[in-house]
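Accompanying notes for the structure given below.
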Amino acid sequence: MTIELLLIAGMFAGLLASLLPSGKIGCGVLLLVPVAMIGFVYFELADPARRPDAQDALAYVFGPLWPSIGAIAGFALGRWVRRIMAPRRP
């Protein structure tokens with residue numbers, strides 16, 4: 001997966017997390033993004049038909065980084081849109 005796809009997928013996950021009623025629960029759900037990506041990297045690198053190379057360990061560092069950045073940006077965008085769309089209290 002490319003960096004752009006990881007950022008976009010993370011942004012969608014962050015937008016979905018921002019739809020949850022509580023901000024604390026949404027932030028907790030954001031922790032699932034890097035955990036899921038570490039699992040994805042593990043299964044991708046555990047493929048027996050794949051040849052290991054010296055940069056495999058970097059996938060565990062930079063694999064979760066990009067979707068996490070996208071998820072934080074998506075969460076902030078979703079919260080901002082939610083605040084704008086909320087009815088004003090007089």
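The values are calculated or read from the model by the stated rules, or taken from the named source; none is laboratory data. Please read all numbers here as calculations on a predicted model, not as lab measurements. Every residue, glycine among them, receives a Cβ derived from its backbone with ideal geometry; neighbour counts consider all protein chains shown.
Scanning the stretch 1-20 for residues that are aliphatic (A, V, I, L, M), under 25 Å from Ala86 (Cβ atoms) and surrounded by fewer than 18 Cβ atoms within 10 Å (Cβ to Cβ) yields Leu16, Leu19, Leu20. Close Cβ contacts (under 9 Å, 6 or more residues apart or on different chains) running from residues in the stretch 29-49 that are assigned to a helix (DSSP H, G or I) to residues that are among the polar types (S, T, N, Q) and at pLDDT below 90 are absent. Consider Phe62 carefully, then state whether it is in a helix (DSSP H, G or I), within 13 Å of the chain's Cα centre (by Cα) and free of Cβ contacts under 8 Å to residues at least 24 places away in the same chain. Yes, satisfied. Of the set (1) touching a Leu at 6+ places or on another chain (Cβ under 9 Å); (2) assigned to a helix (DSSP H, G or I); (3) modelled with pLDDT under 90, all apply to Phe75 but (3).
Taking the stretch 26-40 as the range and being crowded, with 18+ Cβ neighbours inside 10 Å and farther than 14 Å from Ile72 by Cα as the test, only Met37 passes. Here is a check on your reading of the model: is Gly23 exposed (fewer than 15 other Cβ atoms within 10 Å of the Cβ), among the small types (Gly, Ala, Ser), modelled with pLDDT under 85 and more than 12 Å from Ala71 (Cα to Cα)? When the stated conditions are applied, Gly23 passes them. Got at least one residue in the stretch 80-89 being surrounded by 14 or more Cβ atoms within 10 Å (Cβ to Cβ), of a type outside the set (S, T, N, Q) and closer than 23 Å to Leu16 by Cβ? No, because not a single residue in the stretch 80-89 is surrounded by 14 or more Cβ atoms within 10 Å (Cβ to Cβ), of a type outside the set (S, T, N, Q) and closer than 23 Å to Leu16 by Cβ.
Only one entry in Ala76, Ala71 is in contact with a helix residue (DSSP H, G or I) (Cβ under 9 Å, 6 or more places away or on another chain), more than 17 Å from Thr2 (Cα to Cα) and touching a residue at least 40 places away in the same chain (Cβ under 8 Å), namely Ala76. Of all the residues in the stretch 7-28, those that are part of a helix (DSSP H, G or I), over 23 Å from Ala59 (Cα atoms) and not hydrophobic (A, V, I, L, M, F, W, C) number 5.
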